[in-house]
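Some notes on the structure that comes next.
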Amino acid sequence: MAITLLIPTALRNFTDGKKEVQAEGKTVGEAVDNFANVYPDIKRHLYDEKGVLRAFINIFVGETNIKNLQGLDTPLKDGDTVMLVPAIAGGK
Amino acid sequence: MGSNCHDKTRANDHPPTGWRAGDNNKNNKNKDKGKDKVKVGWVLKISLETIEEIKNEAARAYPYECCGALIGVLDGDVRDVKEILPIGNERKGEAQRRRFLITAEELAKVEIKIAKKGLDILGFYHSHPDHPSRPSKYDEDFALPFYSYAIISVEKGKPTELTSWVLDENRIFISEELRS
Ligand SMILES: [Zn+2]
């Protein structure tokens, strides 16, 4: 499946400044892996040492968090838009 | 926002651990105390009107922390803020006095909304009620690379100084030049 991946501004350093990247995959996990193989520097920001997706990275298919779908196994269809979104925190 | 004051802070009401960018060189954590490093070349272009809007948000939220996104266009090293987008502080109850959280769900909505206008998220702002407008250890620990983190101090309900900060390659906040 050919999908479009939307890259947050914070990660565009690793995608040659691109906002949108095309990727292939039958599932979200596959598409993100394929994407990370093309842009290897981004890997350590997405996955921890054990290869598990980092807790503060959220992935949305359309407007739905994959946590509320089937996680990385969420199936994709042609033309889907997949978005990487961080959570933001701070204080005083 | 943040009126359910009797809500106890839940144990799981914590944001995910920070984004450990780069090699996370811990040896470089000893900051020059009292002296802010200024990132040469990085500029946050923000109008006085927009700063005023942030101040109004901060005053309204006092004694709680407000938060929101800095929206605009990236022009080389200049981040040109065109507008702000206030976002509800998702920390619970009294925790909002000293913490803010923007969930990925809220941010996803923002991304979808601004993409249509050809704008980007350049960073975030939040307030420090009765606390200087300098990043806390907590701010630094949870900050993501690239983004500008603007901080507005609110003294006894009155907004004072706005500053802005960006992480350097060692995950240390560097003060960013503000230009109107
Ligand atoms: Zn702060």
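Criterion applied to A:ALA36, A:ALA89 was being without any contact (Cβ under 8 Å) to a residue 12 or more places away in the chain and within 16 Å of the ligand (Cβ to nearest atom), and the one residue passing it is A:ALA89. Here A:VAL61 meets each of (1) over 10 Å from the mean Cα position of the chain (by Cα); (2) open to solvent by 10 Å² or more (accessible area, probe 1.4 Å); (3) not acidic (Asp, Glu) with one exception, condition (1).
Take the conditions buried (at least 18 other Cβ atoms within 10 Å of the Cβ), over 25 Å from A:ILE66 (Cβ atoms), of a type in the set (Ser, Thr, Tyr) and touching a Phe, Trp or Tyr at 6+ places or on another chain (Cβ under 6 Å) and apply them to B:TYR125. Does it pass? No; evaluated as a whole, the condition is false for this residue.
The residues on offer are A:LEU76, A:LEU46, A:LEU72, A:LEU53, and the sole one that is in contact with a strand residue (DSSP E or B) (Cβ under 7 Å, 6 or more places away or on another chain), open to solvent by less than 10 Å² (accessible area, probe 1.4 Å) and either more than 16 Å from the ligand (Cβ to nearest atom) or more than 30 Å from B:HIS131 (Cβ to Cβ) (or both) is A:LEU46.
When B:ILE172 is tested against (1) within 10 Å of the ligand (Cβ to nearest atom); (2) at pLDDT below 95, only condition (1) is not met.
Could you say whether any residue in the stretch B:145-162 is touching a Pro at 6+ places or on another chain (Cβ under 6 Å) and either open to solvent by 60 Å² or more (accessible area, probe 1.4 Å) or more than 22 Å from B:ALA59 (Cβ to Cβ) (or both)?
no
Screening the stretch B:64-180 for strands (runs of 3 or more DSSP E) wholly inside it with 1 or more residues that are closer than 22 Å to A:GLU20 by Cα and more than 9 Å from chain A (Cβ to nearest Cβ) returns the ranges B:67-75, B:78-87, B:148-155. Selection within the stretch A:1-26: residues that are farther than 19 Å from B:LYS116 by Cα and surrounded by fewer than 19 Cβ atoms within 10 Å (Cβ to Cβ). The member of this set that is nearest to the other protein chains (Cβ to nearest Cβ) is A:ASN13. Scanning the stretch B:127-152 for residues that are in contact with a helix residue (DSSP H, G or I) (Cβ under 8 Å, 6 or more places away or on another chain) and within 12 Å of the ligand (Cβ to nearest atom), we see that the one that is farthest from B:ILE46 (Cα to Cα) is B:PRO129. Search the stretch A:47-82 for residues being of a type in the set (A, V, I, L, M) and under 12 Å from A:ALA31 (Cβ atoms), and hand back the single one that is nearest to the other protein chains (Cβ to nearest Cβ). Here the answer is A:ILE59. Please work out if A:ILE88 is open to solvent by less than 30 Å² (accessible area, probe 1.4 Å), of a type in the set (A, V, I, L, M, F, W, C) and facing chain B (nearest Cβ under 9 Å). So A:ILE88 fits the description; yes. Taking first residues from the stretch A:70-84 that are part of a strand (DSSP E or B) and partners that are open to solvent by less than 60 Å² (accessible area, probe 1.4 Å) and polar (S, T, N, Q), the Cβ contacts under 6 Å between residues at least 6 apart in sequence or on separate chains come to A:PRO75/A:THR27; A:THR81/A:THR4.
The values are calculated or read from the model by the stated rules, or taken from the named source; none is laboratory data. Everything numeric in this text was worked out from a predicted model, so none of it was measured. FYI the Cβ positions are ideal-geometry reconstructions off the backbone, even for glycines, and counts take in every protein chain you see. Ligands, DNA and RNA are stripped out before the accessible areas are found, and what is left, the full protein with its side chains, is counted by its heavy atoms. Shrake-Rupley method; radii C 1.70, N 1.55, O 1.52, S 1.80 Å.
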